[in-house]
1. Rounded, prolate or oblate: which one fits the chain, using the alpha carbon gyration tensor with axes a ≥ b ≥ c (rounded when a/c is under 1.5, else prolate when a/b beats b/c, else oblate)?
2. For the stretch 55-134, what is the convex hull volume of its Cα atoms per residue in Å³?
3. What is the dipole size for the stretch 58-276, taken about its Cα centre, with +1 at each Lys and Arg Cβ and -1 at each Asp and Glu Cβ, in debye to the nearest 20?
4. How far apart, in nm, are the 7 Å Cα→Cβ label points at VAL119 and ILE258?
5. Given the options MET126, MET110, MET176, which has the most mean-square fluctuation in a GNM of the chain, springs set between C-alpha atoms less than 10 angstrom apart?
6. Considering only ILE203, ILE228, LEU244, whose Cα is most displaced toward the positive end of the charge dipole of the stretch 187-247, charges sitting on Cβ of Lys, Arg (+1) and Asp, Glu (-1)?
7. Mind checking which lysines have their C-alpha under 29 Å from LYS67, skipping anything on the same chain fewer than 8 residues away?
8. Among the lysines, select those whose C-alpha is under 29 Å from the C-alpha of LYS165, and discard any that sit fewer than 8 residues away in the same chain.
Amino acid sequence: MSKQKRTWDVILAVVMVLLCLLWVYPIVLILLNSLKTEGSFTTSTVFRLPTAETFAGLRNYVYGVTKMDFLSSMGYSLLITITSVVLILLCCSMTGWYLTRVNNKLSKFMNLLIVFSMVVPFQMVMFTLSKTADRLKLNTPWNICIIYLGFGAGLAVFMFTGFMKSVPMEIEEAAMIDGCNPIQIFFKIVFPILKPTMISTAILETMWVWNDYLLPTLVLDIKKYRTIPMAIQYFRGGYGRVELAPMMACIIIAIIPIIILYMTCQKYIIEGVVAGAVKG
């Protein structure tokens, strides 16, 4: 029995390694092609390693950063991502805590309504949203986070409410006996307990906001503000011309912060997702 189990473990390990290689392969392919000269791209050479004739070094990275003002786009992406994620975490953690502790029909309906918002496709509301954002002056990098709060609340509230159902009520009752008001209970007692779910939710929301192209394109003034996905699209010129090498170089630059964030906080992801899936 143990020998059979070891055999299945080896097979499972091999399958997982193959899946990991298939998952990483597109990123490796983009990295290799970002090191090639622009004129070396054909359907037959795109899968080959750079040669002495086609190797461009870091020229594509320098060209991409300077031509598209990529550092400015990265600044806008950082601003939008940080403000949006912080707002989502703060508001949704308090909402999840409230909906869990105030257990009545209204809170259950609100919880169902928020979770249902994850089902609604963005394409159903994108044109109305664009017009509304212009009227409410939510079309700048400094306040677009309010729109992201609306679209990101469903997943975040779902995870926070699931985690709060596993937190004993006695902890908060003890703090209340010691004289804490609801705000103090949340920030001094509940907020530190939410750390695993907070980090995993932050990573998921960061990957979404950082890589989002459609919402900033619809809402922001593209002549003034460009996020990283918007800037990358400008490598597509007229008459079907695409500067592939600089585009791939900028894609590599764009995914580096997400990879660093994920590698730093990966141990909290499964823990937070599992905690957020607790059934009450």
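Every number here is computed from the coordinates shown, using simple stated rules; none is lab data. Source: prediction; values computed, not measured. Neighbour counts are summed over all protein chains in view; Cβ atoms, including those assigned to glycine, are modelled from backbone coordinates with ideal geometry.
1. Numbers: a/c = 2.52, a/b = 1.44, b/c = 1.75.
Note, shape of the chain comes out oblate.
2. Working: hull volume 14.7 nm³, N = 80.
For the stretch 55-134, the hull spanned by Cα atoms encloses 183 Å³ per residue.
3. Numbers: 17 positive and 11 negative charges, 130 e Å.
In total the dipole reaches around 620 debye.
4. With each label placed 7 Å out from Cα toward Cβ, I get 2.8 nm.
5. Maximum among the listed residues: MET176.
6. Working it through, the farthest residue towards the positive pole turns out to be ILE228.
7. In chain and number order, the partners are LYS36, LYS223, LYS224.
8. Result set, ordered by chain and number: LYS105, LYS108, LYS188, LYS195, LYS267, LYS279.
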